[in-house]
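K.L.:
Mind having a look at this structure? Questions to follow.
The values are calculated or read from the model by the stated rules, or taken from the named source; none is laboratory data. From a predicted model like this one, the values you see are computed outputs, not experimental measurements. Here the Cβ positions follow ideal geometry from the backbone for every residue, glycine too, while neighbour counts run over all protein chains shown.
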Amino acid sequence: MGELSIHRWKGFELYPVINKKTVRIAIGLAWLAIIAAEIVMSGVVGIGFFIWDAYQQNYVSEVILAVIYIGAVGLLLDRLVAWVQRRIVPEQ
């Protein structure tokens, strides 16, 4: 067995596991978890509680509004993370 030389690591990335899509997916899943936690924890005022309360009172228009709000905030978070990544991570 030969010795491992520095030349074999020439293409090694500093962050091999964390790529652009991974961070953006993680932000989306975190946003989803926050909404789910607010639904489960009754009494915590937030968008999740708003959806659950509207669902319990059969206010369909408010549920649709909340879904649009969740999508808009998710899109804004995704675009913000993409912008930050463009500033920090060099293009390859």
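K.L.:
Name the residue that is surrounded by the most Cβ atoms within 10 Å (Cβ to Cβ), counting only residues in the range 41-85 that are in a loop (DSSP other than H, G, I, E, B) and not aromatic (F, W, Y).
P.N.:
Out of the qualifying residues, it is G46.
K.L.:
Continuing with this model, one more query. Can you name every residue in the range 17-29 that is modelled with pLDDT of 85 or more and either over 13 Å from G74 (Cβ atoms) or loosely packed, with under 11 Cβ neighbours inside 10 Å (or both)?
P.N.:
L29
K.L.:
Now a separate question. Give the residues of the range 19-40 that are hydrophobic (A, V, I, L, M, F, W, C) and not in a helix (DSSP H, G or I), sorted by residue number.
P.N.:
Matches in the range 19-40: none.
K.L.:
Let me ask something else about it. Among the residues that make up the range 50-57, is at least one of them among the hydrophobic types (A, V, I, L, M, F, W, C) and at pLDDT 90 or above?
P.N.:
There is at least one residue in the range 50-57 that is among the hydrophobic types (A, V, I, L, M, F, W, C) and at pLDDT 90 or above.
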